[in-house]
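One structure is given here, and the rest of the page talks about it.
Read the figures in this text as sums done on the coordinates, not as results from a lab. Not measured: the values here are computed from a predicted model. A quick note on method: Cβ atoms are made from the backbone with ideal geometry, for glycine too, and the neighbour counts reach across all protein chains shown.
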Amino acid sequence: MPSVRLNQHSAIEFDGTDANLLCALERHQQQVNFHCREGYCGACRCKLLSGEVRYLTEPLAFVRSGEFLPCCSIPLTDISIEVP
Amino acid sequence: MAYTTFNRQINDQLKEPMFFGNPVNVSRYDQQKYGIFEKLIEKQLSFFWRPEEVDVSKDRIDFQNLPEHEKHIFISNLKYQTLLDSVQGRSPNVAFLPIVSLPELETWIETWAFSETIHSRSYTHIVRNISAEPHKVFDDIMLNEKILQRAEDVTRYYDALIDGINLYQRCGEGTHTINGETHTISLYELKRRLYLCVMSVNVLEAIRFYVSFACSFAFAERELMEGNAKIIRLIARDEALHLTGTQHMLNIMAAGDDDPQMAQIAKECEEEAYAIFRKAAEQEKDWAEFLFKDGSMIGLNKDILCQYVEYITNSRMQAIGLKPIFSTTQNPIPWINTWLVSDNVQVAPQEAEISSYLVGQIDNEVDGADFGDFDL
């Protein structure tokens, strides 16, 4: 079960009950910006500090290296992320 | 060099830059330099909708019952949206098509502008429904000082680029005397105008539109003008895609692999890019003041809308690698997100009271018995 470390402190477990990382973050009362939830608007862009994620659908939004979209991805390993 | 609608020169399209290379000859998509634009086209086509599909008849009653100051907010907002889409329905074609060099990008620009024309037609659909005299609403757009001020900044960068392209394609680089007036143009200057134009389009789509969406959805949050909100939601879904398109263009330009000069221009224009964002945010705040001059509405007032302007400006700047200019970090109207989720857009036709649902339905099952009472 991969853990998701947020902004260098609290960590949550990604236990598979959530469809994607955005849902998991929301279920743990983390405020993440979002619009489309389908990977094409890029509103939920976060920084991926360490670890790996897998995209469920390839994002259409521009994603810089070191960034990822939680709305259409799940963690492959333990990850550390920064939510703006 | 002059524009040609079918460039006879045999070229490797994969080696062309996005803009100012050879004009496109064969519109082929079997090979793509930037596959993202093909994906955007496919997504945009999958979003296709028509304004007539949305029943706005209940809005007429809602509108008649609105207090005067809310009527002002609603109509002014709609006029502003009409202006923005009037510009966006034609300008990407006129400005970018003569200089584009990649078939997938060329088709994306056409697909993008086409979807804006649907938005324009939907405003007429809305206005016809709420007003017995739609011409008064549209006529006022050309007379309304507040809207015209915005039009100036929305169109300035397009016009400068188009003017430069006309001169360059007719006369080439250098100083030219035309009708007694001297004009100077260089390819570098044209590229600079292109970069600033795409930047200003990004601001239009990523900030100006969203400020207007907030107003449209604020009515619907109170279960008013819901037909209008359904249409705006479809428009917002398209706009999210368009601004992704312009963000890709800006980021490809800034990276420099496509055209090293563009990367240099992106650096040189950084100050100007900040200024474009800053000015747009100021204008949108002025606009908020005009909207709410006679009073606020439940859920939205001048201050909240101004905070949203700051929030959305910051977020859009970060998307293209600029630093935020405002201290606001929280979305003051989190309820807007629910209206922007694409999942929620599609509803079953029979649930949405779509008037065209049964129009044009054809029964393909034909039986011999169907001709039983048919005589020649």
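Calculate, for B:Thr4 and B:His176, the FRET efficiency according to 1/(1 + (r/R0)^6) with r their C-beta to C-beta distance and R0 25 Å; round to the nearest 0.05.
0.75
For the stretch B:40-93 and the stretch A:56-84, write down the distance between their C-alpha centroids in whole Å.
Using only Cα atoms to place each centre, the spacing works out to 33 Å.
Work out how much length B:Tyr29 to B:Asp370 would gain on full extension: take 0.36 nm times their residue separation and subtract the Cα-Cα distance, in nm to one decimal.
Gain on stretching B:Tyr29 to B:Asp370: 118.2 nm.
Just to be sure I understand: if I project the alpha-carbon convex hull of the stretch A:3-76 onto a plane and average over all orientations, what area do I get in nm²?
Its Cα hull, projected and averaged over all orientations, spans 4.4 nm².
With the calculation restricted to Cα positions, what are the radius of gyration and Dmax of the stretch B:254-346 in angstrom?
16.7, 52
Under a point spin-label approximation (7 Å from Cα along Cα-to-Cβ), what is the A:Tyr55-B:Lys58 distance to one decimal in nm?
3.8 nm
With each pseudo-label sitting 7 Å past Cα toward Cβ, what's the A:Gln31-A:Ser80 distance in nm, one decimal?
It is 2.5 nm.
Report the gain in length on full extension from B:Glu270 to B:Asp159: 0.36 nm times residue separation, minus Cα-Cα distance, nm rounded to one decimal.
37.9 nm
Rounded to the nearest 500, what is the 222 nm mean residue ellipticity of the protein assembly as shown from helices alone, with -39500 (n - 2.57) per DSSP H run of 4+ residues and division by all residues?
-17000 deg cm²/dmol
Which shape class applies to the protein assembly as shown: rounded if a/c is under 1.5, otherwise prolate when a/b exceeds b/c and oblate if not, where a ≥ b ≥ c are the square roots of the Cα gyration tensor eigenvalues?
Here the protein assembly as shown falls in the rounded category.
So how strong a dipole does the stretch A:3-76 carry about its Cα centre when Lys and Arg Cβ are +1 and Asp and Glu Cβ are -1, to the nearest 20 debye?
220 debye
Mind listing the Cα extents of chain B along all three principal axes, in Å, largest one first?
69, 68, 43
Cross-link list B:Lys136/B:Lys279; B:Lys33/B:Lys279; B:Lys79/B:Lys267; B:Lys79/B:Lys230; B:Lys191/B:Lys279: which exceed 25 angstrom alpha carbon to alpha carbon?
Violating the 25 Å Cα-Cα cut-off are B:Lys136/B:Lys279; B:Lys33/B:Lys279; B:Lys79/B:Lys267.
For the stretch A:3-76, calculate the relative contact order in percent as a whole number, restricting contacts to Cα pairs under 8 Å that are 6 or more residues apart.
Relative contact order comes out at 31 percent.
What list of whole percents do you get for P(r) of the stretch B:23-99, with Cα-Cα distances grouped in 10 Å bins up to the one holding the largest distance?
The distribution over the stretch B:23-99 is 13, 27, 29, 18, 10, 3, given as percents.
Taking 8 Å as the Cα distance limit and 6 or more residues as the minimum spacing, I'd like the relative contact order of chain B as a percentage.
After rounding, I find 20 percent.
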